[in-house]
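Derivation of every value follows stated rules applied to the coordinates shown; laboratory data play no part. On a predicted model such as this, the values are computed, not experimentally measured, just so you know. In this analysis, Cβ positions are derived from the backbone assuming ideal geometry, glycine residues included, and neighbour counts consider all displayed protein chains.
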Amino acid sequence: MQPKSDRLVETVTLSQARSLIRCLAHDQSLLLLSPPGIGKSDSVVQAAAETGLPCRSLLGTQIAPEDVSGVPKIVGERSVFCPPRILLPEDPQPFCLFLDELPACSPDVQKAFYSLLLERRLGEHRLPKGTWVVAAGNRVEDRALVRALSTALVNRVIMLHVRVDVKEWLQWAQGHGIREDILAFILFMPDALMRGIPAEPSPFSTPRAWASLSRALDLAQGAGLLDRNIRRALAFGRLSPEDAAVFCAMAEEELENVLPLDEYLCRPDLLPRQATARWFVLSRIRESLDRGELGVHPPMVINRFLAGVPEEHRLALLVGRVRAWGEIGAAETMLKSLREICGVDGEAPADLLKKTAQYHRMQPDFEGEPS
């Protein structure tokens, strides 16, 4: 889940970002960048709360330059700029100053932040010693009404590119009341936690979207409204279409007990006996093979898995993917399985694959929706 860019970018997880905030933000200004919806703002607030600092927020899309630099008043024969209370409270105690959506600020507002980010200063006033300065926002490629950051601003902050970590999110979700069916789905399809931003303005899956859907489903269920149509309406209104479709299908088939793929690969005897659940699992294994994700397992595990898959589904896993399975060390078991299933012996692999393809064309469409 690395950010897509032509530049070489190193990323940190949300927990790593929180640790860096606690360590550096009293001395260095930080800017957290990521796609929308992964939890940057919550992480800043949480880091401040863990340290006992009050958090004061400014939203970049709703402020003007004078909201930063302050407005002038006449003192004697001179004008003095008075910063707003949120940036410089009367009580000179340290706090966390959170500049949310900083990349969405206008160039004039970005310029007004220069001395604040570099020197912790607003005109002639300095922030209380120990005050944090942390900013966050989306990237230009996220198409989230973000403006290009000036080089002068970039040179005044440490930019941290934040990524989604599935294990971290699951730990957070378990402690924040996220529904069991959503937890099971993300365990089964971890890629669904964060999808790419669509070209058109339409719902897409993010950690924020899943948490929001969980709350919406709970509210609908509490009101006695949750049925098949309502679930689908809510899911398609919050998630990427492909995730919404599979999530609803799994919920309707009561597949919340489906395990992570690695467990099935290591223990093929755990494959679900129920047809729809088994279809989901085997489909996901084929997708993982196509994406090159199964190569992390040693050949012994791959061979044992293939040998343990029921005969009626083994061909569906092998047809069209002989090369891919062979590249991760399954050639011997794979060819043995093909010969056993087709009832032939000693034939060349190419001839055997032709017969396998003919057999597969007579079988139900493995790619179609489960009945």
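Overview of results
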{"read-out": "Per-pair calculated FRET efficiency, R0 = 41 Å: Ser115 and Asp290 via Cβ, rounded to 0.05", "value": "0.20"}
{"read-out": "About the Cα centre, charge dipole magnitude for segment 109-233 (Lys/Arg +1, Asp/Glu -1 at Cβ), debye", "value": "460"}
{"read-out": "Lys167 paired with His125, simple spin-label distance in nm, labels 7 Å along Cα-to-beta-carbon", "value": "4.6"}
{"read-out": "Total charge dipole magnitude, segment 166-252, about the Cα centre, Cβ charges on Lys, Arg, Asp, Glu only, Debye to nearest 20", "value": "160"}
{"read-out": "Length gained when the stretch Arg228-Ile74 is fully extended (0.36 nm per residue, less Cα-Cα span)", "value": "48.8 nm"}
{"read-out": "Amide proton proximity set for Val12, modelled H, under 5 Å, gap of 5+", "value": "His161, Val162, Arg163"}
{"read-out": "Where labels lie 7 Å past Cα in the beta-carbon direction, separation of Ala199 and Gln16 in nm", "value": "3.3"}
